[in-house]
Every structure is written in structure tokens, then in C-alpha cells.
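Quick notes on the structure that follows.
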Amino acid sequence: VSKSGNDAAGDGTESSPFATIQYAIDSISKDLNNKEITIVVASGTYAENVKISGFYGGMLRINFNGATITSLTIADSIVTIAGTNLTVGNGSSLTTVYINNGANVICQVPLTVIGGLSGLHVNNGSRFIATQNVTINTAMYALLSEHASIAYIYSLKGSGSETGVLADSAFVILNSIAAGVG
């Protein structure tokens, strides 16, 4: 995926990329057939509410290389977020990053989340594991984990959130948390 790509004429290869992340996701069969499928996203700002849902039988990997998106929802899928870094949010989303319905997400990049009622919301038996720094700014709840979910974050930073971490019938494991998260 590249800002210079074309959803209509592109084929999703490096030489002929798609223009939008959602189009690349929607072009993949939900049955991953015991494979790891990788989408590479070039740097740039993508004004997209990215939704990943219903993938099974393998793992979807998205390499974000300096990309910014509006919001990210992952439900009932196994997803690895990799690359160099990812910024999510513009301050107006209800939930900026929403991990729901038994999703298993491994975040291997520095993640910056901006705004929302919940900056990062892990819900309904989902697991979110962040092996890099997560920075959450100006959300009502920086991190909300509930309903038998697990959030493990290597390092949580941020500022301007009203509440730092709220766990309701869920587990939150933080290797470190910086002062000022909420």
C-alpha cells in the first residue's frame, strides 16, 4: 500500500501498490489457509478507519512503516502489527484502537494513539501484546481492558488522558508505566 498507489489499477505488489489499507485488507480471502499474509504500508497519512475482522486459519501481518491512520479495529482475527512505527488517531474517534471479540494482536512497533473515549480498548476475550513502547495521549481512558481480556504492554507512556488504566474483569500487565499517562 502506498500513497501513490491505485486501488482500481493496482494489484497489491510493490511495483503496483494499492492506495488504501482497507482495500488491501478486503482483497484477502478470510480463510488464510494456514499461511501468514503480509501487507506492507508505506509511510504517509491515510485518512482511514481500518477494520480487520473474520480472518481465520492463519495470521495477518501488517508492516506499518511510518504510517498514520484515523482508527484501527481488529476483531476475531490473529494479527501482527510490525514495521517501524504506527500512529493512530485524530482525537475524534470514540475508540481509537479497538481490539474485540477474541482477537489476538501482537504489536511489534512503537505505537502512538491520540484521542478517543478509549485510546486503546481491549474487549471480549481479546489479547493485545505490545513488545514496544505504547504512547497514548488525550483520551478519556488511555487503556481500557474488560470482559476477560488481557493487555500486556512493555512500556506505557503518554499525557493528557483523564484516566490512565482501567481494568474491568480483565488483566492488564505493564512492564513500566510513565508518570502522566492519566
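The values are calculated or read from the model by the stated rules, or taken from the named source; none is laboratory data. All values derive from a computational prediction rather than experimental measurement. Cβ sites come from the backbone with ideal geometry, for glycine too, and all protein chains shown count toward neighbours. The accessibility values were calculated without ligands, DNA or RNA, using every heavy atom of the protein model including side chains. Shrake-Rupley method; radii C 1.70, N 1.55, O 1.52, S 1.80 Å.
Observations on the structure shown:
- Note on ILE173 and LEU94: the extension gain reaches 26.1 nm, defined as 0.36 nm multiplied by sequence separation minus the Cα-Cα distance.
- Note on the chain: the C-alpha convex hull projects to 9.2 nm² when averaged across all orientations.
- Spin-label pair SER159-ASN85: with each label point 7 Å from Cα along the Cα-Cβ axis, the two points sit 1.6 nm from one another.
- Accessible surface, the chain, averaged per residue in Å² (probe 1.4 Å): 44 Å²
- Whether the range 135-182 is rounded, prolate or oblate, judged on the alpha carbon gyration tensor where a/c under 1.5 counts as rounded: oblate
- For the range 88-155: rounded, prolate or oblate by the Cα gyration tensor [a/c cutoff 1.5]: oblate
- For the range 33-81: rounded, prolate or oblate by the Cα gyration tensor [a/c cutoff 1.5]: oblate
- Accessible-area composition of the chain, carbon plus sulfur, in percent [1.4 Å probe]: 51 percent
- Residues of the range 115-136 with amide N under 16 Å of a point placed 7 Å along Cα→Cβ from ASN49: 115-119, 121
- Projected label distance in nm at ASP11 and HIS147, using a 7 Å step from Cα toward the beta-carbon: 4.2 nm
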